[in-house]
Amino acid sequence: MWQRETFKKIKQVPGEEHVLPGSALCAGCGGLESLRLATKVLGDEVVYVNAAGCFTMLAAYPYTSFKGSWLYTTMGSAPAGAQGVRDALDVLIAKGRLPKSDNLKVVVLGGDGSTYDMALSSTSGAMHRGLDFYYFCYDNEAYGNTGMQLSPATPYGARTATSPCSLQHPSGAAQEKKDIFEIWRAHKPPYIATVAPRYPLDLEEKFARAAAFTGPKMFLALAACPTGWLYDPGETPEVAKLAVETGLWPLKEAIDGVVTHTYVPKRKPVEAYLKLQGRFRHLFEPIVQTEAIQHIQARVDAYWERATREGS
Amino acid sequence: MDSQMMTGNLAAAWGARLADVDYIPAFPITPQTEIVEALAKWCEGGELAARFVTMDSEHSMMTAAGAAEATGARVFTATSSQGLLYAFEVLYSISGWRAPLVLVNVSRALAAPITLESDHNDVLAARDSGFLQIHAETCQEVLDSILMAYRIAEDERVMLPVIVNLDGFSLSFTREPVSLPDPEQVRKFLPPFRPAHLGFRASAPHSLGVAVIGGTPYAYFRHQMHLASINALEVHREAAASFEQLFGRRYDVVEGYRLDDAEDVLVMTNACSSTGKAAVDVARAEGKRVGLLRLRMIRPWPADAIRDALRGRRAVAVLDQNLAPGQGGILFQEMAASLYHEVERPRALCSFIGGLGGQNLSVGAFHAIFEQTAKAGVSGKGIGPVLLYTQAEHREMTQLQMVAAGSVKRET
Ligand SMILES: Cc1ncc(C[n+]2csc(CCOP(=O)(O)OP(=O)(O)O)c2C)c(N)n1
Ligand code: SF4
Ligand SMILES: [Mg+2]
């Protein structure tokens, strides 16, 4: 049974903020909330290496949301940027040109579009080389910054700007969400975790645990997205909660490849989650697409049956 | 100073070694690979105190290179052709970060069709990237240019990355005597890299490459890059003077060969300039008053030096070892733009395209260039682009086409 050791009560989450208010991101951005919580453990002695996406607007001249440092790279190579920064910091410290006290954590910030496809080569390379860094993927399940197009993280049944509902595809997106957790796990990094903003203690605990590992520390954060998922910004906590409680967004970690589910939900029917969001409305109106909904439910059930069987 | 026989590639590796670089991200590609192989060995053996990392692509390689330079390390890397283009968007990021690393490009023609041999479409594709460009003629110049490149790039008035170009095969794999500068003297020429405006540190946070909103800040930062690039002309002059004083070799942004009384001037770059110079000697022996102008610095574009060298000439021929399909020679366009405002501009400008993908530049080709240029000078009517292709090449190609069509077997 997985247990939190550092963060048992909400009171233990530090009050100090490290993502400062006033950015250009949308109200109710679940990705930003996940990051805000993560920085409570990461702190300010960080250099963020960013890939093109919504988070790019977190540092827009002459402002930045961070007290730490920032390097915007490209959509496809933020982990390679992290490699360059990490290596240079190490070399400069080893050569006595940078005091150890000036060292920084290197944290990649990438969206799902970047993470699941374009930056996969550079992520794979960084993991393979055992780069000591954090990867923070905020997964809003689409290319958000360009206006919500289908990405490899888009789940079956979601409507996006490039997976509209049509006669041929009444359910919207026809393909399943790519399993990036397992792709990462195949690289055997010391630490991988999924997190969700509505589960702050679980999230904080995972960042605290990750800190003990040298090497790639990979995080996949649910980025409930009012703008793209089409719900009221005030409902982000509820959407994030139902993603977990329906079993669609499993909370888990993998240490040296061994998977543990950190929370096992009682599993509400997926409709509860789907119904909240405009991107799934076509599954319920004008007629209920029972088959599509059952398909989604069956996938979740199969996932958890396998997890139970494997005892993870 | 001892002289050794070495290839252009090894000379490039020595340039990085003598510059005492801190970091080398790498990815293999012919004809560049020998450079990073040599550096990997030295990093492993401790001759060079740098970290060497094999990356997953040139796109990643250039990102890591720029990011490390932006963190405050002195960075070297090398590529060719497809690799340079694979990294293309990152080139613009690095210059925008004002990260003064040095990239060696070993020129190789671009696919398709795929080939390993040289021309300059790869490096010239990067002409608008914000990188400075120095194109070398000899193995010695490759090494020396790398040292000069770091000095110029890291100057506070410049702070821009540099590409040093050498030709694949004709330089990369050709051995020439190279004098290795004394490391002590190099340290005098190239002070340690201690950038005032770069670096990420806990005590001094810094945001780089950030978004801007609207054209006002965008244009401001782009103008800054242009002005810094122009500054490199003066910084190059200073560096050249200091280099000559310490090492006895002199490099200017352009090099004139037998220009004094030349009526007509052939303009070239890189290793094939040596062939061009030999052709000038032949033509001189026949009594023709011709000379050669080699462009060494391509970015910033040395417009004044070009005008000074070509003012009052009868005719100028530009031999481009590149082809912009539908337009012609890339350097020809820039030469024409530079000379237009010159009151005593040459009467005729001629554009020749040759040496594509390692295509041979024969004595006959140069003879034709000089003949046609002289005629253009007399008539005052420029020509081109002339696509150089000899009858022998035509015959060989016809043969290949017949083989491809299956109508004959290849003669061996
Ligand atoms: C090479 C390249 N191709 C396309 C783009 C355009 N682009 C910018 S952000 C973005 C979407 C990124 O999606 P994701 O990684 O999911 O991040 P999000 O926008 O959802 O935050 C795209 C396609 C780009 N910046 N670079
Ligand atoms: S579009 Fe979605 S992910 Fe992007 S900033 Fe807005 S809420 Fe966040
Ligand atoms: Mg996204």
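The values are calculated or read from the model by the stated rules, or taken from the named source; none is laboratory data. For clarity, every value in this text was computed on a predicted model and none was experimentally measured. Cβ atoms come from the backbone with ideal geometry, glycine included; neighbour counts cover every protein chain shown. Heads up: the accessible areas ignore ligands, DNA and RNA and are worked out on the full protein's heavy atoms, side chains in. Shrake-Rupley method; radii C 1.70, N 1.55, O 1.52, S 1.80 Å.
Across the stretch A:215-312, the relative contact order, built from alpha-carbon pairs under 8 Å that are at least six residues apart, equals 22 percent.
The distance from the alpha carbon centre of the stretch A:248-269 to that of the stretch A:120-187 is 19 Å, rounded to a whole number.
Pull out a ≥ b ≥ c, the square roots of the eigenvalues of the alpha-carbon gyration tensor of the stretch B:75-226, then state rounded if a/c is under 1.5, prolate if not and a/b is larger than b/c, and oblate in the remaining case. Oblate, because a/c is 1.5 or more while a/b does not exceed b/c. Express in whole angstrom the spacing between the alpha-carbon centres of the stretch A:6-75 and the stretch B:311-333. The distance from the Cα centre of the stretch A:6-75 to that of the stretch B:311-333 comes to 52 Å.
Label zone of A:His128 (point 7 Å out along Cα→Cβ, amide N under 16 Å): in the stretch A:178-208 this covers A:183-189.
Look at the dipole of chain B built from charges on Cβ: of B:Thr79, B:Gly256, B:Phe332, the Cα furthest out on the positive end belongs to B:Phe332. When the trypsin sites (Lys or Arg not before Pro) in the stretch B:146-209 are filtered for DSSP coil states and for at most 15 other beta-carbon atoms within 10 Å of their beta-carbon, the remaining sites are B:Arg157.
The value obtained for the stretch B:271-353, namely the Cα convex hull volume divided by the number of residues, is 101 Å³ per residue. Accessible area per residue for the protein assembly as shown is 41 Å², calculated with a 1.4 Å probe on protein heavy atoms, without ligands, DNA or RNA. Contact order for the stretch B:3-247, expressed relative to its length and based on alpha carbon pairs under 8 Å spaced 6+ residues apart, stands at 24 percent. At a threshold of 10 Å², the residues of the stretch B:33-66 that become less accessible to a 1.4 Å probe in the full protein assembly than in their chain on its own are B:Ala49, B:Arg51, B:Val53, B:Thr54, B:Met55, B:Asp56, B:His59, B:Ser60, B:Thr63, B:Ala64. Split the accessible area of the stretch B:3-247 by element, probe 1.4 Å, and carbon with sulfur accounts for 55%. Figure note: A:Leu201, B:Leu339, B:Leu10 ranked by solvent-accessible area, largest first, 1.4 Å probe, ligands and nucleic acids not counted: B:Leu10, A:Leu201, B:Leu339.
When the GluC sites (Glu not before Pro) in the stretch B:256-363 are filtered for DSSP coil states and for at most 11 other beta-carbon atoms within 10 Å of their beta-carbon, the remaining sites are B:Glu286, B:Glu344. Within the protein assembly as shown, the proportion of Cα pairs with more than 37 Å between them is 48 percent. Remark: mean inter-chain Cβ contacts per residue of A:224-232 equal 0, using a 10 Å Cβ-Cβ cutoff to other protein chain atoms. Extension gain for A:Glu310-A:Gln12 works out to 104.0 nm (0.36 nm per residue, less the C-alpha to C-alpha distance). Each of B:His226 and B:Thr390 was given a label point 7 Å from its Cα along the Cα-to-Cβ line. The distance between the two points is 4.4 nm. Here the accessible area of the stretch A:10-309 is 57 percent carbon and sulfur, with a 1.4 angstrom probe and all protein chains present. Interface between chains B and A: roughly 3000 Å² of accessible area buried, both sides summed (probe 1.4 Å, protein heavy atoms only).
Figure note: B:Tyr150, A:Tyr72 ranked by solvent-accessible area, largest first, 1.4 Å probe, ligands and nucleic acids not counted: A:Tyr72, B:Tyr150.
When the C-alpha to C-alpha distance is required to be over 23 Å, the pairs from B:Lys277/B:Lys375; A:Lys40/A:Lys268; A:Lys11/A:Lys217; A:Lys241/A:Lys275; A:Lys217/A:Lys252 that qualify are A:Lys40/A:Lys268; A:Lys11/A:Lys217.
May I ask which residue of A:Ile183, A:Gly30, A:Val259 lies farthest towards the positive end of the charge dipole of the stretch A:10-309, with charges of +1 (Lys, Arg) and -1 (Asp, Glu) on Cβ and the Cα centre as origin? With unit charges placed on the Cβ atoms, the residue in question is A:Val259.
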